[in-house]
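The values are calculated or read from the model by the stated rules, or taken from the named source; none is laboratory data. The structure presented is a predicted model; accordingly, all values stated were derived computationally and were not measured. Cβ placement follows ideal geometry from the backbone for every residue including glycine, while neighbour counts extend to all protein chains displayed.
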Amino acid sequence: MKGKFISFEGCEGSGKSTQIRLLAEYLDKTGVPYIVTREPGGSEIAEKIRGIVLDGKNKNMSDECEALLYAAAREQHLSEIIIPALNEGKLVICDRYVHSSLAYQGYARGLGEEYIKAINSRVIKEYMPDVTLFLDISPDAAFNRKHGADKDDRMEQQGMEFHRLVYKGYKAHCGDKNFCPVNCGGEKAQTHANIIKTLKEYNIIK
Ligand code: TYD
């Protein structure tokens, strides 16, 4: 694996999209070759799976089906987009990866981490991110600063209690190797600076 791989994680409204955009702008200035991609989705087939798993009308989807669809989308995305980009020496920036499955399906849905690890291990193989940036803000704090809800997909339809569990699921990983909580309660520029500092510490960028 020649390129580096980073993922962004966090609850809804944690500011991942903004921070990924700021990072991309930063990288544009430095000339580092990179791609920005996302889960679920990132490739044509995986985006179709995304459509099914996030469709608000699919109210009867079982938790296991949901977890397997996220894993299936991940497989397609990895083989079609992430691995080729890494082989070309690109920096891969992925909006969500397997820690989303651990927090949302494993912890908040209650399927358990062992189940999620089992169904994802063959998908992921050695392709774990060099660093996972966890935008550490509680769903309550994120909700208070969010101006107007914009989506109504299956995951956003879950109540606040569900999102509190997701946050707890993420917090359980703080302290794991390569899982870096980023304080993001302040200004966007400060969070961006925290991210750049972390990426330099991990030798992802110079
Ligand atoms: P998205 O619109 O990308 O949300 P966000 O902007 O918050 O990233 O929708 C992705 C949703 O899918 C989000 O609610 C988190 C959820 N998800 C899981 O539950 N498990 C997973 O493995 C992944 C990748 C995402």
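Taken together, K48, K29, K16 contain a single residue that is of a type outside the set (F, W, Y) and either farther than 26 Å from Y202 by Cα or touching a Cys at 6+ places or on another chain (Cβ under 7 Å) (or both), which is K48. Annotation: of all residues in segment 91-146 being of a type in the set (F, W, Y), more than 11 Å from the ligand (Cβ to nearest atom) and in a helix (DSSP H, G or I), the one that is surrounded by the most Cβ atoms within 10 Å (Cβ to Cβ) is Y115. The set of residues in segment 67-79 that are away from the ligand (no atom under 13 Å from the Cβ) and of a type in the set (A, V, I, L, M) is empty. Count of segment 1-29 residues, restricted to those that are modelled with pLDDT under 95 and out of contact with any Lys or Arg (no Cβ under 6 Å at 6 or more places or on another chain), is 3. Can you say whether K57 is more than 12 Å from the ligand (Cβ to nearest atom), in contact (Cβ under 8 Å) with a residue 60 or more places away in the chain and over 25 Å from C174 (Cβ atoms), as far as the supplied structure shows? No.
Sort out which residues of segment 40-54 are acidic (D, E) and either within 12 Å of the ligand (Cβ to nearest atom) or not in a helix (DSSP H, G or I) (or both), and write them in order of number. Of everything in segment 40-54, just one residue is acidic (D, E) and either within 12 Å of the ligand (Cβ to nearest atom) or not in a helix (DSSP H, G or I) (or both), namely E47.
Per the conditions (1) more than 10 Å from the ligand (Cβ to nearest atom); (2) not in a helix (DSSP H, G or I), the sole criterion not satisfied by K29 is (2). Within segment 181-206, the set of residues being small (G, A, S) and part of a loop (DSSP other than H, G, I, E, B) comprises G185, G186. Restricting I82, I45, I49 to those that are under 27 Å from K197 (Cα atoms) and either modelled with pLDDT of 95 or more or surrounded by fewer than 15 Cβ atoms within 10 Å (Cβ to Cβ) (or both) reduces the list to I82. Whenever a residue of segment 160-180 is at negative phi, its partners that are within 15 Å of the ligand (Cβ to nearest atom) and among the β-branched types (V, I, T), lying with C-beta atoms within less than 6 angstrom and at least six residues away or across chains, give the pairs F179/T132. Of the residues screened, I82 is not one that is among the aliphatic types (A, V, I, L, M), within 16 Å of the ligand (Cβ to nearest atom) and out of contact with any strand residue (DSSP E or B) (no Cβ under 9 Å at 6 or more places or on another chain).
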